[in-house]
Amino acid sequence: MSDHEARLRADVRTLGDLLGQSLVRQSDQSLLDLVEQVRLAVRESEIDLDVTSLISNLPTERKMQLARAFTTYFNLANVAEQVHRSRSPHGEWISRAMTRIKEGLNAALFTETELKEWISHLQIRPVFTAHPTEAARRSVLSKLKTVSTLLEEEPSDRRDERLAEMIDLLWQTDELRLDRPEPIDEATNALYYLDDLFRSTVPGVLDDFTRELRTIGIELSPTSTPLRFGSWIGGDRDGNPHVTDKVTAQAIVLQMGHAIRVTLEALDEIRQALSVSQRLVGVSDRVKESVARDLERLPEIEARFRRINVEEPYRLKATAIRHRLLLTQRRHAESSGHEEGRDYASTKELLEDLMMIYESLMEHRGELIAKGALQRAIRTISAFGLTHAILDIREHSGALRLFMAEAGIEDPERLAATDLDHLLRNHLSVDRGRLSERSTQTLATFEVIKRSLDSFEPAAIESYIISMTE
């Protein structure tokens, strides 16, 4: 047995023992005895009539406790298994992929030029959905994440006490929601995972991917997007009748609020790190001129920062970026207009500012600095953007046919795509009095899409998916 496997078994054993102690604390010894009786009996035979009879004769409350005990155990065991997998070298799967690519190059299955072209167009996009059968609450999942974090530590009494605390909390937390969550609740839950991916997982994955590409002679641009995220939550009108135009608008603002929040966290790390003094090393004229413009356009920047960072232009630039992000956040919340040079109209503008710092560092003996925390932040921000995820809108084809019929668009199936696009744009100003309630809602959704693309950025919404087409 390898050390990894031994550690996994030890973790599962520890979690099982702590769960047993929790069952006694939260109920009594007889519940633990019952769990052990069922566990041992099932291990001996897949179908045990005595066990079936035993369980069927239990009071309903005891059956529920028994089911919860096994559910909790399997949840804990799954967490231990996930931690076990993470203990293997972080980029191992990427290394295996690169080995296959090298073999392909050596066998002349493709050329280096072709490979670079493919990599430049590579984009993997996991899409978040809110399936109605998803019953796990964020309260439960967050506690299981804490268990995962604790298992990464070396065994100790302090660690086991915290694990016991989490297991007691899991037992006292209802796994099921009393009501089906509203679409905005579902969007908030998805953002919990997106925030966590931004902070913990994606920077390392992109770092590993970049490092492995270098082994085959490919240097990935910091702003490349081999990974992006998408979401249907708040945009899937066909899958959830409660998704209205207002819900879609709320979901977009909510996503952007979270995106800016985690981007600010990453920026604060950069600002803290970039203590480079222009008295000791050169800085590009472009950065100096940009900082001067920022200080003029952003009187909100405190005099204290202007004074203490006067010889640290990268820190001043990062401070200006921070203020522009805060103003962008306010603009989104208030649905106000873009102010040139004071907030950001798009992720592209933000990345241009960050790349300005990156390029200046690269030009002035700061390659290791540029390719450290700054490059990780640029890659991560490129992956998420100021939208966090690209929202897809999904609508049933019947709703579109009804809208076009009521708007006076004849035979839309026979129109070329460009003609249909032109007609739809013109009919966004159609008289609402001519439309049914369903078509009014379809029109309102188009208007939300237009406002979002105009007010935020093209990446806010990318696809309009028509389901059940013929």
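The values are calculated or read from the model by the stated rules, or taken from the named source; none is laboratory data. Just so you know, these numbers come straight off a predicted model, no measurement behind them. Counting neighbours? That spans all protein chains shown, and the Cβs are built from the backbone with ideal geometry, glycine included.
Table for the structure above
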{"quantity": "Number of the exception - Q123 against (1) loosely packed, with under 12 Cβ neighbours inside 10 Å; (2) touching a residue at least 40 places away in the same chain (Cβ under 8 Å); (3) closer than 30 Å to R7 by Cβ", "calculated": "(3)"}
{"quantity": "Members of the range 96-108 found to be more than 21 Å from V205 (Cα to Cα) and either at pLDDT 90 or above or of a type in the set (S, T, N, Q) (or both), listed by number", "calculated": "N106"}
{"quantity": "Residue satisfying all of: in the range 206-238; charged (D, E, K, R) and part of a loop (DSSP other than H, G, I, E, B); surrounded by the most Cβ atoms within 10 Å (Cβ to Cβ) among these", "calculated": "R237"}
{"quantity": "The one condition in (1) at pLDDT 90 or above; (2) closer than 23 Å to D11 by Cα that D28 fails to fulfil", "calculated": "(2)"}
{"quantity": "Selected residue (only one of Q172, Q123 is modelled with pLDDT of 90 or more and either more than 25 Å from P226 (Cβ to Cβ) or more than 25 Å from the chain's Cα centre (by Cα) (or both))", "calculated": "Q172"}
{"quantity": "Candidates E134, E92, E114 - the one that is at pLDDT 85 or above and of a type outside the set (G, A, S)", "calculated": "E114"}
{"quantity": "All positions within the range 1-20 that are surrounded by 14 or more Cβ atoms within 10 Å (Cβ to Cβ) and of a type outside the set (D, E, K, R)", "calculated": "L8, V12, T14, L15, G16, L18, L19, G20"}
{"quantity": "Qualifying residue in the range 264-281 (condition: of a type in the set (G, A, S) and in a loop (DSSP other than H, G, I, E, B))", "calculated": "yes"}
{"quantity": "Test: residue in the range 289-301 that is touching a residue at least 60 places away in the same chain (Cβ under 8 Å) and either closer than 19 Å to I369 by Cα or touching a strand residue (DSSP E or B) at 6+ places or on another chain (Cβ under 8 Å) (or both)", "calculated": "no"}
{"quantity": "Unique residue being aliphatic (A, V, I, L, M), at pLDDT below 95, surrounded by 14 or more Cβ atoms within 10 Å (Cβ to Cβ) and over 32 Å from the mean Cα position of the chain (by Cα) when the list is L400, L428, L420", "calculated": "L420"}
{"quantity": "Answer residue from the range 143-169, given it is small (G, A, S) and surrounded by 14 or more Cβ atoms within 10 Å (Cβ to Cβ) and is modelled with the highest pLDDT among those", "calculated": "A164"}
{"quantity": "Residue check, T215 within 30 Å of L105 (Cβ to Cβ), modelled with pLDDT of 95 or more and either of a type in the set (S, T, N, Q) or touching a His at 6+ places or on another chain (Cβ under 6 Å) (or both)", "calculated": "no"}
{"quantity": "L54 being assigned to a helix (DSSP H, G or I) and under 40 Å from the mean Cα position of the chain (by Cα)", "calculated": "no"}
{"quantity": "Selected residue (only one of A251, A273, A259, A292 is within 31 Å of the chain's Cα centre (by Cα), more than 30 Å from I449 (Cα to Cα) and surrounded by 12 or more Cβ atoms within 10 Å (Cβ to Cβ))", "calculated": "A273"}
{"quantity": "Out of A80, A69, A10, sole residue that is in contact with an Asp or Glu (Cβ under 6 Å, 6 or more places away or on another chain) and touching a residue at least 12 places away in the same chain (Cβ under 8 Å)", "calculated": "A80"}
{"quantity": "Conditions (1) surrounded by 16 or more Cβ atoms within 10 Å (Cβ to Cβ); (2) within 23 Å of the chain's Cα centre (by Cα); (3) of a type outside the set (S, T, Y); number of the one not met by E352", "calculated": "(1)"}
{"quantity": "Candidate set from the range 176-207 (those that are of a type in the set (D, E) and modelled with pLDDT of 90 or more); member that is farthest from S382 (Cα to Cα)", "calculated": "D196"}
{"quantity": "Among residues of the range 443-470, those that are hydrophobic (A, V, I, L, M, F, W, C) and assigned to a strand (DSSP E or B), counted", "calculated": "3"}
